[in-house]
Every structure is written in structure tokens, then in C-alpha cells.
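Engineer: Handing you this structure, nothing more for now.
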Amino acid sequence: LIQLVESGGGSVQAGGSLRLSCAAAVPTFNSYSMAWFRQSPGKEREAIAAIDSGGTTSYANSVKGRFTISKDSAKKSLDLQMNNLKPEDTAIYYCAAEVLLFGRVATMTPSDFSYWGQGTQVTVSS
């Protein structure tokens, strides 16, 4: 059984913070690339933060300096700390995982990932 279970999300005002978590029921956690994607109405799903299977961390320019992605190997969890949130951050956020994937956020597309969480809504008011 391979399953990603997300928690967190909610509604905040601009400038606020949220922390998303993704619990990964994965046999070999450290071999997986894990990423956070987001999708807003009328937009394509895009990768915003990732840790690839080699441990390389990368971010989309739109969130760089505000979001921090991290992995907890002991807990098999993926977290996304989101600070200084902006209205344009409003979207459904998804946790994704793939075995032995190497690359940076700019190269990642949804089709590269086999396993997905259910998504969690983040709403930032102006």
C-alpha cells in the first residue's frame, strides 16, 4: 500500500502563515522524489517546491524566499512552511511522490509523479 495523506490548509489573511504536512505510507521513503504542486481555477497544476531523489531542493520563483519544503525521514512526512502568504497563493495544494526522479521544480510536471495526495485548499484573502 502506497498512500499520501495531507493535513493542514485553511484560510488566512495576506501576510499570514500556514504549514502543510503530507504523511507518506511509502516503503523506502528516502528513494522518492517528493513535491508540492498547486492548482488554482483556470490554471494548470504546477510544481512549486520539491526535494528530488538525490536530495536537491528547488522552488518556483513565485514562492522562493517565502516557502520552505522539508522532509522528516523518521516520520516519513513532507512539510511545506508557507510564510508571507499572498492572495495569488490561493489554490488547491497537492503532495506528490515518485521513485527515483531527479530534477528541479522547473522541469517537473504532474505526469512525472505516480502518487498523489487528495489535495488541500489554501485560501489567502487580500
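Engineer: Roll a 1.4 Å probe over the protein chains and send me the accessible area per residue for the chain in Å².
Structural biologist: 49
Engineer: Would you work out the charge dipole size for the chain about its Cα centre, treating the Cβ of every Lys and Arg as +1 and the Cβ of every Asp and Glu as -1, and quote it to the nearest 20 debye?
Structural biologist: Dipole about the Cα centre, nearest 20: 220 debye.
Engineer: Next question, about the same structure. Please report, as a whole percent, how much of the solvent-accessible surface of the chain comes from carbon and sulfur atoms (probe radius 1.4 Å).
Structural biologist: Answer for the chain: carbon and sulfur cover 49 percent of the accessible area.
Engineer: Let me ask something additional. Cα centroids of region 1-45 and region 71-107: how far apart, whole angstrom?
Structural biologist: Each part reduced to its Cα centre gives a spacing of 5 Å.
Engineer: Could you give the radius of gyration (one decimal) and Dmax (whole number) of the Cα atoms in the chain, in Å?
Structural biologist: When restricted to Cα atoms, the chain yields Rg and Dmax of 13.4, 42 Å.
Engineer: Is any residue of region 84-108 close enough, with backbone N under 11 Å, to a label point placed 7 angstrom from the Cα of Q121 along the Cα-Cβ axis, and if so, which?
Structural biologist: What the label zone holds, given the 11 Å backbone N cut-off, is 91-92.
The values are calculated or read from the model by the stated rules, or taken from the named source; none is laboratory data. Note that the structure is predicted; figures quoted are calculated from it, not measured. A quick note on method: Cβ atoms are made from the backbone with ideal geometry, for glycine too, and the neighbour counts reach across all protein chains shown. Each accessible area value is taken on the protein alone, full model and side chains, heavy atoms only, with ligands, DNA and RNA left out. Shrake-Rupley method; radii C 1.70, N 1.55, O 1.52, S 1.80 Å.
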